[in-house]
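A quick write-up on the structure given underneath.
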Amino acid sequence: MIVETPIHNHEPSSFSDAEITRLVGAYKDRYEFYMGVSGVEFVSLFKNHGSSAGASIAHSHSQLVALPLIPPRFSLEVDGKECRFCNIIKCEAGSERLILMRDGWVAFAPYFSRYPFEVWIAPIKHFSDLTGLNHVFSFASILRDILSSMREFFGGFSYNYVFFQCDVESYHLHVKVFPRLSVSAGFEENTGICINSVAPEDAAAELRSIILSK
């Protein structure tokens, strides 16, 4: 567990520049440490905020789990050919779904969003995991600004953010942020098909407007 702040009821959407930079720096430090431990093949890094997002402790925290294997979904996403995420980023950077592009990073609501207001944050330059993160604040500030825009739009809300990364050169680091605004029900469980009630273009427009107004 990574305790993000000594202040209760304080979480990343309202962090200062120094606080969010320190948090992402801790992510990078702990990720690099555990990836250097013998037998560790993958490090899962994520945050659950609010009971609807799976948080069982109220004080703001993130979680890190070191595994002896690479989860199958990551193996499927690395097929030895060109990087599919580079192609996605290039497409989304010129679309209505773009929210923010700054300092080598892009944030967008993907056209295949599974959840309302789902946002992806990714480096434009290809690198596979946090070991390639040289300018911590560039990423940290975008993560904070996306969360802050969601907080301004929704008020208090539950959310998850998850780091998708692995120690495979052809993989492309990205972080998925999703507010917990809906739950999977019978249709989703029966079919594996997600129903998203908010078009990603509309979600991007709302968040982009908030960010640009600051």
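Here, each number is a calculation from the coordinates, and none is a lab measurement. Treat the numbers as computed from the prediction; the structure is a model and nothing was measured. Cβ placement follows ideal geometry from the backbone for every residue including glycine, while neighbour counts extend to all protein chains displayed.
All Cα-Cα distances of segment 39-103, cut into 5 Å bins from zero to the largest, leave 3, 12, 13, 12, 15, 23, 15, 6, 1 percent in each bin in turn.
Please identify every one of the GluC sites (Glu not before Pro) in segment 64-140 that sits in a loop by DSSP and has no more than 10 other beta carbons within 10 Å of its own beta carbon. Loop-located and lightly packed - 82. The stretch between residue 111 and residue 188 holds 25.9 nm of extra length on full extension. This uses 0.36 nm per residue minus the Cα-Cα distance. Taking 16 Å as the straight-line reach from the Cα of residue 176, the lysines in range (excluding those fewer than 8 positions away in the same chain) are 47. Once both labels are positioned 7 Å from their Cα atoms along Cα-to-Cβ, the gap between residue 154 and residue 214 label points is 1.6 nm.
Arranged from fewest to most other beta-carbon atoms within 10 Å of their beta carbon, 74, 178, 187, 108 become 187, 74, 178, 108.
Considering only beta bridges that DSSP places wholly inside segment 2-212, some 100 percent are antiparallel. Counting Lys and Arg as +1 and Asp and Glu as -1 over every other residue whose Cβ lies under 12 Å from the Cβ of residue 196, the net charge comes to -3. Over all pairs of different C-alpha atoms, segment 1-54 has a mean inverse distance whose reciprocal, the Kirkwood radius, equals 12.8 Å. Taken over the chain, the convex hull of the Cα atoms encloses 132 Å³ per residue.
For the chain, the relative contact order is 25 percent, taking Cα pairs closer than 8 Å that sit 6 or more residues apart in sequence and dividing their mean separation by the residue count. Isolated cysteines in the chain, defined as those with no second cysteine Cβ under 4.7 Å, comprise 91, 166, 194. Ordering 106, 168 by the number of other Cβ atoms within 10 Å of each residue's own Cβ, fewest first, gives 168, 106.
Stretching the chain fully between residue 51 and residue 65 yields a gain of 3.0 nm (0.36 nm per residue, less the alpha carbon separation). Comparing 128, 18, 42 along the charge dipole axis of the chain, the residue lying farthest to the positive side is 18, per the Cβ-charge model.
Taking the fewest neighbouring Cβ atoms within 10 Å as the starting point, the ordered list for 119, 198, 65, 183 is 183, 65, 198, 119. Extension gain for the segment residue 75 to residue 195, taken as residue separation times 0.36 nm less the Cα-Cα distance, is 40.6 nm to one decimal.
When the trypsin sites (Lys or Arg not before Pro) in segment 1-99 are filtered for DSSP coil states and for at most 13 other beta-carbon atoms within 10 Å of their beta-carbon, the remaining sites are 81.
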